[in-house]
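Q: The following block contains the structure, expressed as structure tokens.
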Amino acid sequence: MNPKNERAELAADQRLGVGNVLTTLLDRGTELDAPTLTFDTEVDGHPAWQAHSLAELGQRVAARAAALHGLGVRPRDPVAVWVSAAADQVLSYLALVRIGAIPALVNGRLAAEQAGEYIKRLRPVGVIVDAPHRNALDSVDSAVPVLADPAELGAGDPEAAPQPYRHHGSEPVVITHSSGTTGLPKAVIHSHHSLFAAIRHRLLLPKGQGLARMLGVLPSAHAATVIAVNLALTNRTQLALLSQQSGGPVLDAIESWQPQSVLGFATTWSELAGADFSQRDLSSIRTWWNTGDCAHEAHIRKLVAAGMREAVTSEGRVRKPGSFFVDGLGSSEMGHSQFFITHTPDTSRYGRCIGKPHAFSDVAIVDDDGTKLGPGEVGQLAINAPTLSLGYWNDSVTTYRTRRDGYFLTGDLVFRDEEGYYYHVDRAVDAVDLDEGKKLYTMLCEERVLAECADVLECTVVAVPSEGKVATTVLLMLDPQADQEADRTAEVLAALESHVAATVERVVVVSQDRIPLGATGKVRKFLLRQRFLDGELLGQTEGAGVSA
């Protein structure tokens with residue numbers, strides 16, 4: 001079959017969604033021996049880093065579906081999955097949707113207290129949990145029955161698996177969760193069609209560079225991994241899934257597996273940007289794909305200098321040094337990045353530019369009253385798209401608070417320029433009003449510090465309103481080769497707007513372990529604000545520029 005024809009046929013199939021891609025492809029009966037998913041751990045005796053063919057993947061999923069069905073799992077049953085290995089997360093998801101159950105994927109890095117409360121609020125029929133997480137769950141008494149250790153599920157008989165469930169477009173098919181940076185993560189419901197909508201759109205476009213061999217370094221419990229798995233399957237391409245997202249293991253995987261593209265979050269790019277690429281082989285890379293928070297210019301420029309890409313010139317298609325970086329902005333609730341912009345070593349549109357909206361997205365910028373704003377005006381980002389989640393599981397109050405006039409209010413502050421490009425300046429909960437109508441946008445401050453201060457690898461800005469004034473702290477993580485004791489205050493203040501610089505009380509050099517992070521690597525600024533209000537200074541005693 002012509003691959004172009006198959007992609008068009010899959011895009012046109014309205015029965016297809018994230019609940020039945022695998023079973024649909026198996027039913028088509030073509031390319032059953034073609035490599036699909038690769039895991040970084042052994043699966044049922046199948047070695048780590050060895051691809052599963054489509055037929056092998058189908059057998060492993062059917063075995064788990066049979067085992068779960070034998071344990072009493074039935075269609076529409078919510079089942080929590082709290083594990084560390086990407087293989088356990090992905091195979092459990094595929095097995096549960098084959099039955100018609102609703103997997104609730106839980107990030108393996110979530111703290112036990114948070115995970116226990118989150119799982120309890122889901123009210124699932126049970127939880128699939130590996131040994132380390134079972135001990136953690138027992139310690140917080142979540143009162144949710146344990147169904148199985150994922151290591152046991154592969155012993156099921158594939159021939160005993162029930163017939164695949166018939167999914168419908170608007171039905172809930174999988175639950176993922178938000179990052180939890182402001183408190184307990186929110187359980188986000190995705191339908192059969194919502195997480196597939198962007199994939200359907202991409203199937204009608206030419207394949208992007210680097211899709212033939214992709215390395216997924218996204219959190220395996222995230223909606224982005226569900227999308228990546230189904231994107232790879234429908235495009236008949238290879239996807240390797242890494243169980244951790246830290247820089248060293250990612251670079252090791254790039255060198256050993258030689259992917260053409262890497263899919264990740266901003267926190268991974270930050271760590272990679274701090275590495276010495278001269279000691280690494282990144283020649284296979286054509287494209288870096290970012291989702292979630294948009295990435296910083298300083299990190300993008302480091303990444304696009306590596307690898308090779310194909311470019312169209314007057315002499316035809318040629319290979320050029322340097323790679324693509326596809327940036328955007330998305331969230332679990334948005335279901336997919338709603339914007340895109342492609343950077344190369346030759347591009348210069350930065351300043352937290354997230355690009356232009358995808359064709360499937362209706363984007364608006366609104367004020368607090370819901371009035372749409374024009375170019376240059378900062379307001380709340382509002383999205384209406386087929387990728388949007390159905391809302392929050394067991395939480396209709398929060399669901400409806402975030403919806404207005406058919407739009408989802410994302411919690412992001414953005415503006416667009418006269419050319420139609422959008423720029424992200426902050427999360428609404430982190431921005432602060434200053435005198436005379438001026439604003440302090442913490443993420444925009446971080447972007448400027450990173451762009452102007454070469455020795456700074458990462459920056460976190462926290463603004464705390466208290467007793468009629470705003471006290472801003474700038475936390476810096478430096479290149480290990482930089483002078484850790486030097487006073488960076490003047491350099492940092494010079495990078496900021498004058499009205500923002502006037503609020504800065506402290507510039508502090510810290511180690512990464514002093515910054516509280518959520519399960520997906522996002523900084524928990526609300527915790528830092530509370531710590532500062534409580535008098536904690538991260539080791540600083542007095543004056544700016546002192547290391548902690």
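Laboratory data are not the source of any read-out in this text; all were calculated from the coordinates shown. Treat the numbers as computed from the prediction; the structure is a model and nothing was measured. So basically every Cβ, Gly included, is an ideal-geometry build from the backbone, and we count neighbours across all protein chains shown.
Q: Please report the antiparallel percentage of DSSP beta bridges with both residues in segment 53-191, rounded to the nearest 5.
A: On the way: 5 of 17 bridges.
Counting DSSP beta bridges with both partners in segment 53-191, the antiparallel share is about 30 percent.
Q: Roughly speaking, what is the stretch gain from residue 438 to residue 347, that is 0.36 nm per residue apart minus the C-alpha to C-alpha distance, in nm to one decimal? Please report the intermediate quantities before stating the final value.
A: Working: separation 91, 0.36 × 91 = 32.76 nm, distance 3.02 nm.
So the chain would gain 29.7 nm between residue 438 and residue 347.
Q: If you don't mind, there's one more thing I want to ask. Mean residue ellipticity at 222 nm from the helices of the chain, using -39,500 (n - 2.57) per DSSP H segment of n ≥ 4 over the full residue count, to the nearest 500 deg cm²/dmol? Before the final figure, lay out each step's value.
A: Numbers: 17 runs with 157 residues, N = 548.
Taking each H run of at least 4 residues, the total per residue is -8000 deg cm²/dmol.
Q: Out of the DSSP beta bridges found with both residues in the chain, what percent are antiparallel (nearest 5)? Walk me through the intermediate numbers first.
A: Numbers: 52 of 87 bridges.
Around 60 percent antiparallel, to the nearest 5.
Q: Would you mind checking the tilt of helix 223-234 against the longest principal axis of the Cα atoms of the chain, expressed as 0 to 90 degrees and rounded to 10?
A: It works out to around 50 degrees.
Q: What is the distance in Å between the Cα centroid of segment 276-340 and that of segment 106-153?
A: Computed from Cα coordinates, the inter-centre distance equals 36 Å.
Q: Near residue 439, which lysines are there with a Cα under 25 Å away, not counting those fewer than 8 places off in the same chain?
A: 356, 372, 469, 522, 525
Q: Next question. Quick check for you: which residues of segment 346-389 have the amide N under 12 Å from the point 7 Å beyond the Cα of residue 418 toward its beta carbon?
A: What the label zone holds, given the 12 Å backbone N cut-off, is 375-376.
Q: Please give the peptides 416-422, 79-85, 241-247 ranked by average Cβ packing (other Cβ atoms within 10 Å per residue), highest first, as a rough proxy for protection.
A: The packing order, highest mean first, is 79-85, 241-247, 416-422.
Q: Given Cα pairs under 8 Å that are at least 6 residues apart, what percent is the relative contact order of the chain? It would help to have the intermediate numbers written out before the result.
A: Working: 1201 pairs, mean separation 60.2, N = 548.
For the chain, the relative contact order is 11 percent.
Q: How far is helix 112-122 tilted off the main Cα axis of the chain, in degrees rounded to 10, range 0 to 90?
A: For helix 112-122, the angle is close to 60 degrees.
Q: Mind sorting out which of (1) 0.92; (2) 1.02; (3) 0.97 is the real Cα Rg over 2.2 N^0.38 Å computed from the coordinates?
A: Among (1) 0.92; (2) 1.02; (3) 0.97, the one calculated here is (3).
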